[in-house]
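Each remark here refers to the structure printed beneath this line.
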Amino acid sequence: MTLDGSYRFPAPRARVWALLMDTTAIASCVPGCEALEPLGDDRYQAKLVATVAAISGSYEGTVAMADKVEPESYRLVIEGSGKHGFVNGESRIALREDGDATVVDVTGTMDVGGTIARVGQRLIGSVSKMMLDRFFACMAGKLGS
Amino acid sequence: MSSRTFGSAIRRREDPRLLTGLGTYTDDLSLPNMAHAAMLRSPHAHATIVSLDTSKAAKAPGVLAVYTGKDTAPALKPMPCAWLLPNAGLNIAEYPLVALDTVRYVGDIVAVVVAQTPYQAYDALDLIEVKYKTLPAVVDPEKSAKGTGAPIHASVPGNQAFKWTVAGGDADAAFAAPGAVVVHDRIIQNRLIPTPMETRSALAQWTAATGELTLWNTTQNPHIVRFIGSLVMGVPEDKLRVVAPEVGGGFGAKIAQYPADFLTCFCAMKLNRPVKWTETRSENYIATTHGRDHVQDVALCGTKDGKITGVRGTVWAGMGAYLSTAAPGIPTILHGLMLCGPYLIDNVKEDVYGLYTNTTPVEAYRGAGRPEATYLLERLIDRFAHAIGKDPAEVRRINLIPKFDNGHNVATGLTYDSGNYHGALDKIMAHVDYAGLRKQQAEARAKGRYMGIGICTYVEVCGLGPSQVAGAIGFQGGLWESAIVRFHPSGKVNVFIGTKPHGQGEETTFAQIVSSELGVDVNDVKVMHGDTDKTPMGWGTYGSRTTAVGGAALAVALRKIKDKATALAAHLLEAPVEDMDYADGRFFVKGAPAKAKTIQDIALMANVAWNMPAGMEAGLEASSFYDPPNFVYPFGAHVAVVDVDPATGAIDLKRYACVDDCGPQINPMIVEGQVHGGVVQGLGQALWEEAIYADNGQLVTGTLMDYAIPRADVLPEIEVLSTVTPSPHHPLGVKGIGEAGTIVSTCTMYNAVVDALRPLGVDTVPMPMTPERVWRAVQTAKKGA
């Protein structure tokens, strides 16, 4: 399944890039994120609580940033699993300038399996998009602070 | 009351307990000190197991043991495939009960936990740490044949489980004949999930002191569970008892043998205490076999005046990740051999490729192979009728095999037993006023309303079957049936049968057979089944065989009883046996009915044995092992009338009427019930049901929220009629009726919907024909026009 979105930040690209690399900000903005601990080499150990359809549960896994081209783009690779299944995702995140603002384009794919795929299938796409939207809205909020 | 109950619509004696919640199913059973098992199942469709750590789970509260493939493999032989299809290059991949290093479908068992309570067992599953390395998966049989995904089994080149061919006459010549009208179709036989109300369950008790194992199991064939379980577990057959208590629906999914059942036994033996395992519904959807799943490329040829001359095709049948117990026989023997249908078709050829896919194993599902054959044939015939501009009913009439009473050979090599196909067609057409319906349709069309009429004729093969044939087609068992009839001194009767009724009502109908044959009150007969320690060997309930074969075994045993009773009555009445007469439970000297011995008198005298003829044994008991000389071939004709709204895609099923001929009916109400259930399950495939796998092998219709089964509120009154054509070889003339409805209703519904939309240029709608798909088919046709 694909997961795409574009988000506009009222800030210069370098500032947005720095924000997207700020793991403290990331950890506070990922919905349900309980921990994000660095493992080195741009890899992080993550713990997340999420609810899809009637299924809520915690997921543990790794988040890695790769192919970083500052301040233009990077790849985000997520592997997580929990008692209700697994989520593997990969997305390309590109930052482009748009006047004084910066637009972040996210194009990704997700592979979901286990109980969440069987029971929550119809909602996985919309829940994921909602989480993505919420994340970037939260990050945009950090710009002011 | 009259004892002649054969043909009476008496109420099912099963129903009071079943309808008031008093049925005892496997999961209702409890034993002292019983522990509970839960299965850890793979969330991946295809992956290697990199590491597996059960240490945390083993320490969890209440956990008694955690077993992996390393523990089970030395003790349990792999699951056997029991239908060794000959001349097909059958390539059976090893099917371990617990995955060793590779998982091949979502649901493959990776570990087993046993705990004090089921909840502790399920909780502990979450503590098992498994690292997987995923591999590409393939879920579509045709893509599997083309090499999509990673090879599923190292021992199986091209994922091909078998290639089987049926051929009769010269199909290629028929298609090449000058002037032949040829119609093609590409059919997706949607994958179905059987969905019995009772999920699967097993309870095992091991008695170490004697080496005896008892398995309570929801199964259609407890004796086969004993036979195969003995092979897998190494417990001798004489020390393995399998009991099938009440079974809440099977539909074919409870024929197969399953790893979880034998693993439950393994746990009981290891821990030396009773262990129970019961599937959850969502586990059932991935762990219990599915049905259908064909991709068919098929064609039919004929003359422009309506004579069908040939049928030809290629089928890619999805078999799932492993070959289940009877799986290879379903898309081949039970499918390909029925390609002539009830028609005079001289030339037939079909290649069937069985393909492994990264999905739940595919097995028998009500009709098993025959719906897939009837469907393709009936769809092609409607296309053909349209191509030559003839009425579909007329094309069927032209091609139906004329009435026969005792044997008709068809091009696929089968010999149908008896048939009056025109009789069924005439009866349904008269009942629905077919000409009138066509007139109504023309009027509706003139007003812009899309009314459709589907009419199909069918024949099916059931009453499986002669054991010699079973052997020749690679079925690893016999297909005879057995019965023991025991008269008690009071004249009450116990009947012990080898089959396993699980909703078909044979506790009632078999008592009716006893009543009719020997004149005892139907309420004086109790039918016992489902316990290998109490009942004689039998091969189970599937393939509409319980009455067709088991009922024949019962009739033969009853006739032995009657012979003995006649001889004893003659002795007691001091008359020669040849002077004896019998009527309605009374044995008397010809011409002297007043001085009779009733069957109850005889039962008492035989049991006390005070005055037996020289050489006659005491008791009034007989057994029989009945091996049928042929299959039986029920047939019929169904009609569906629909209104389709092209703007919304909604289908309104206005009428469903059927004529089915299963020979003489022991209990017409039960026949009607079987037809109802069958029709509705077939309509389910046509309109709602589809197991959908994502390309990564995840079953996305994993709950009853997403897998739609028929509901009573969307169905019309089903009009059930019949004709009666006895089977020439069955002692009672009866044929099977359990699957007939499913075999023909899917195509009848399909043909009705396409018939409705033909004025819009629609010539196909994928199944299930949901409103969205109907709407899309209409849009596609509009664009093409």
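State whether the residues of segment B:609-632 include one that is under 26 Å from residue B:365 (Cβ atoms), of a type in the set (A, V, I, L, M), touching a helix residue (DSSP H, G or I) at 6+ places or on another chain (Cβ under 9 Å) and assigned to a strand (DSSP E or B). Within segment B:609-632, one or more residues are under 26 Å from residue B:365 (Cβ atoms), of a type in the set (A, V, I, L, M), touching a helix residue (DSSP H, G or I) at 6+ places or on another chain (Cβ under 9 Å) and assigned to a strand (DSSP E or B). Of all the criteria given as (1) within 28 Å of residue B:321 (Cβ to Cβ); (2) open to solvent by 30 Å² or more (accessible area, probe 1.4 Å); (3) not hydrophobic (A, V, I, L, M, F, W, C), the one not satisfied by residue B:33 is (1). Would you check if residue B:185 is open to solvent by 60 Å² or more (accessible area, probe 1.4 Å) and farther than 30 Å from residue B:46 by Cα? Considered against the rule, which asks whether it is open to solvent by 60 Å² or more (accessible area, probe 1.4 Å) and farther than 30 Å from residue B:46 by Cα, residue B:185 comes out as no.
Residues of segment B:473-502 that are surrounded by fewer than 22 Cβ atoms within 10 Å (Cβ to Cβ) and assigned to a loop (DSSP other than H, G, I, E, B): B:473, B:474, B:476, B:477, B:478, B:488, B:489, B:490, B:491, B:492. Counting only strands (runs of 3 or more DSSP E) that fall entirely inside segment B:250-349 and contain at least 3 residues that are more than 14 Å from every other protein chain (Cβ to nearest Cβ) and surrounded by fewer than 24 Cβ atoms within 10 Å (Cβ to Cβ), the qualifying elements are B:294-302, B:308-320. In segment B:624-642, the condition of being aliphatic (A, V, I, L, M), out of contact with any Gly (no Cβ under 8 Å at 6 or more places or on another chain) and in the same structural domain as residue B:773 (by TED's automatic domain parsing) is met by at least one residue. Restricting attention to segment B:659-699, the residues being touching a strand residue (DSSP E or B) at 6+ places or on another chain (Cβ under 9 Å), within 13 Å of chain A (Cβ to nearest Cβ) and surrounded by fewer than 19 Cβ atoms within 10 Å (Cβ to Cβ) number 2.
Of the residues A:62, A:102, A:107, the single one that is within 14 Å of chain B (Cβ to nearest Cβ), part of a strand (DSSP E or B) and at pLDDT 85 or above is A:62. Selection of strands (runs of 3 or more DSSP E) fully inside segment B:12-76 by the criterion of at least 2 residues being within 14 Å of chain A (Cβ to nearest Cβ) returns B:35-41, B:47-53.
Pairs are defined by a Cβ separation below 7 Å, a sequence spacing of at least 6 or placement on different chains, a first member in segment B:668-684 that is farther than 17 Å from residue B:502 by Cβ, and a second member that is among the aromatic types (Phe, Trp, Tyr); the pairs so defined are B:679/B:656. Exactly one residue among B:217, B:221 is surrounded by 21 or more Cβ atoms within 10 Å (Cβ to Cβ) and farther than 23 Å from residue B:114 by Cβ, and that residue is B:221. From the residues in segment B:700-728 that are within 13 Å of chain A (Cβ to nearest Cβ) and hydroxyl-bearing (Ser, Thr, Tyr), which one is surrounded by the most Cβ atoms within 10 Å (Cβ to Cβ)? Here the answer is B:707. For segment B:717-736, the criterion of a residue being part of a helix (DSSP H, G or I), touching a residue at least 60 places away in the same chain (Cβ under 8 Å), over 28 Å from residue B:553 (Cα atoms) and assigned by TED's automatic domain parsing to the domain that holds residue B:661 is satisfied by no position. The residues on offer are A:78, A:124, A:116, and the sole one that is assigned to a strand (DSSP E or B) and either crowded, with 16+ Cβ neighbours inside 10 Å or within 13 Å of chain B (Cβ to nearest Cβ) (or both) is A:78. For segment B:50-84, a tally of residues being touching a strand residue (DSSP E or B) at 6+ places or on another chain (Cβ under 6 Å) and aliphatic (A, V, I, L, M) returns 8. Filtering segment B:535-549 to residues that are out of contact with any Cys (no Cβ under 8 Å at 6 or more places or on another chain) and open to solvent by 10 Å² or more (accessible area, probe 1.4 Å) leaves B:535, B:536, B:537, B:539, B:542, B:547. The residues of segment B:413-447 that are crowded, with 19+ Cβ neighbours inside 10 Å and part of a loop (DSSP other than H, G, I, E, B), listed by number, are B:414, B:417, B:418, B:420. Cβ-Cβ distances below 6 Å connect no pair with a first residue in segment B:211-229 that is in the same structural domain as residue B:497 (by TED's automatic domain parsing), a second residue that is assigned to a helix (DSSP H, G or I) and among the hydrophobic types (A, V, I, L, M, F, W, C), and a separation of six or more residues or different chains. Criterion applied to B:195, B:165 was being under 26 Å from the mean Cα position of the chain (by Cα) and closer than 30 Å to residue B:481 by Cβ, and the one residue passing it is B:195.
Checking A:94, A:140 one by one, the residue that is closer than 21 Å to residue A:65 by Cβ, free of Cβ contacts under 8 Å to residues at least 60 places away in the same chain and away from every other protein chain (no Cβ under 14 Å) is A:94 and no other.
Residues checked against (1) assigned to a helix (DSSP H, G or I); (2) of a type outside the set (Asp, Glu); (3) crowded, with 16+ Cβ neighbours inside 10 Å:
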| residue | (1), (2), (3) |
| --- | --- |
| A:14 | yes, yes, no |
| A:25 | yes, yes, yes |
| A:44 | no, yes, yes |
| A:47 | no, yes, yes |
| A:51 | no, yes, no |
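When B:596, B:618 are screened for being among the aliphatic types (A, V, I, L, M), over 25 Å from residue B:216 (Cα atoms) and surrounded by fewer than 16 Cβ atoms within 10 Å (Cβ to Cβ), only B:618 passes. Total residues in segment B:730-768 satisfying the condition of being under 18 Å from residue B:679 (Cα atoms) and small (Gly, Ala, Ser): the figure is 6. Considered as a group, the residues in segment B:103-116 that are open to solvent by less than 50 Å² (accessible area, probe 1.4 Å) and more than 16 Å from residue B:360 (Cβ to Cβ) include one that is farthest from the chain's Cα centre (by Cα), and that residue is B:115.
The values are calculated or read from the model by the stated rules, or taken from the named source; none is laboratory data. Computed from a predicted model, the values in this text were never measured in an experiment. Every residue, glycine as well, gets a Cβ built from its backbone with ideal geometry; the counts of neighbours run over all protein chains shown. Each accessible area value is taken on the protein alone, full model and side chains, heavy atoms only, with ligands, DNA and RNA left out. Shrake-Rupley method; radii C 1.70, N 1.55, O 1.52, S 1.80 Å.
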